[in-house]
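Chemist: Mind looking over this structure? Questions follow.
The values are calculated or read from the model by the stated rules, or taken from the named source; none is laboratory data. All values derive from a computational prediction rather than experimental measurement. Here the Cβ positions follow ideal geometry from the backbone for every residue, glycine too, while neighbour counts run over all protein chains shown.
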């Protein structure tokens with residue numbers, strides 16, 4: 001079965017997903033694209049005679065040729081398109097964050113529960129990375145015992161050029177670590193605290209960069225996350241999990257190490273698209289395979305809600321609330337199986 005896909009939002013990330021679904025994901029065919037900048041959608045569709053271009057995502061959703069929808073717009077617009085796709089009885093892949101507000105996330109979850117069938121996958125790409133998956137497998141196998149702590153690093157060479165805000169350090173960047181640590185530990189976050197280190201002089205004036213996040217899980221584990229958006233040298237993601245009898249950590253993604261003239265060196269990926277290229281491919285391939293088989297893969301809409309609840313608490317802490325406890329509801333039975 002070939003899954004006919006429509007993509008809403010074809011900026012840099014959406015265009016990358018277009019190429020991925022067109023060139024590297026088996027069993028998928030992009031039949032429509034939509035963007036508020038209609039000319040951009042038309043330009044992307046121009047290379048193929050059978051891809052329609054729309055200036056509104058709602059028009060794409062009701063296109064009878066579209067069987068499944070990929071939402072890659074700004075987070076604040078996700079809820080409208082995701083709920084409309086559910087109402088049109090179509091599967092959805094929604095890039096993270098599922099929505100910027102807890103209220104919009106609850107609206108999506110309520111709509112999916114009312115729909116009566118799981119249809120939403122949220123794009124937390126780290127879960128599809130080979131390194132994180134290997135860590136999860138070893139942890140689940142009990143190789144190093146129960147997890148106690150984790151140390152995470154999330155660095156960008158430069159902040160995005162579109163007016164990145166202090167809040168987005170948590171809602172758009174650290175949200176990756178929030179989700180992947182929930183998944184690795186198999187626990188919800190119970191409390192967070194965001195600290196404000198001395199800001200770098202290389203970043204945007206007045207922007208608190210870096211930020212340092214401390215999370216406490218419901219089981220008592222402690223996780224720290226450094227978020228540095230203007231580190232200057234590359235895109236650098238690290239994770240070490242400390243357990244009772246040993247540690248697990250991501251391997252270096254460097255493909256080659258050069259030893260020459262008394263030095264040891266190797267390249268570091270310049271951006272997230274390069275660092276997680278294979279994970280993005282695997283993520284959409286598994287989603288397409290699931291749609292074709294009539295099943296939904298995780299992360300679920302519930303995971304999207306949980307991550308946004310935590311990142312919202314992080315923003316509160318960043319702006320002076322100190323340690324913020326999170327009143328996470330129990331996961332509904334509807335979301336307890338894949």
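Chemist: Just give me the residues in the range 63-83 being within 23 Å of residue 290 (Cα to Cα), within 26 Å of the chain's Cα centre (by Cα) and not in a strand (DSSP E or B), in sequence order.
Modeler: Here is the first cut: in the range 63-83, the residues within 23 Å of residue 290 (Cα to Cα) are 63-73, 78-79, 81-83.
Going one step further and asking which of them are within 26 Å of the chain's Cα centre (by Cα), we end up with 66-73, 78-79, 81-83.
Within the range 63-83, 66, 67, 72, 73, 78, 79, 81, 82, 83 qualify.
Chemist: Give 126, 182, 193 a once-over and let me know the one that is outside any helix (DSSP H, G or I), touching a strand residue (DSSP E or B) at 6+ places or on another chain (Cβ under 9 Å) and touching a residue at least 60 places away in the same chain (Cβ under 8 Å).
Modeler: Values: 126 fails: outside any helix (DSSP H, G or I); 182 fails: outside any helix (DSSP H, G or I).
The conditions single out 193.
Chemist: Restricting the search to the range 318-336, which residues are assigned to a helix (DSSP H, G or I), in contact (Cβ under 8 Å) with a residue 24 or more places away in the chain and farther than 18 Å from residue 183 by Cβ? Talk me through it step by step, then tell me what you get.
Modeler: Residues of the range 318-336 assigned to a helix (DSSP H, G or I): 318-321, 333-335.
Imposing the further condition that a residue be in contact (Cβ under 8 Å) with a residue 24 or more places away in the chain reduces the set to 318, 334-335.
Correct list: 318, 334.
Chemist: Here are some residues: 30, 25. Which one is part of a loop (DSSP other than H, G, I, E, B) and modelled with pLDDT of 95 or more? Show your work before the answer.
Modeler: Working: 30 fails: part of a loop (DSSP other than H, G, I, E, B).
Selected residue: 25, the only one of 30, 25 that is part of a loop (DSSP other than H, G, I, E, B) and modelled with pLDDT of 95 or more.
Chemist: Could you list all residues from the range 193-202 that are closer than 15 Å to residue 154 by Cβ and surrounded by 17 or more Cβ atoms within 10 Å (Cβ to Cβ)?
Modeler: 194
Chemist: Could you please give the count of residues in the range 211-246 that are under 20 Å from the mean Cα position of the chain (by Cα), surrounded by fewer than 18 Cβ atoms within 10 Å (Cβ to Cβ) and part of a strand (DSSP E or B)?
Modeler: Number satisfying all stated conditions: 6.
Chemist: Is it fair to say residue 83 is within 21 Å of residue 280 (Cβ to Cβ) and at pLDDT 95 or above? Can you show your working first?
Modeler: Working: within 21 Å of residue 280 (Cβ to Cβ): no; at pLDDT 95 or above: yes.
No; evaluated as a whole, the condition is false for this residue.
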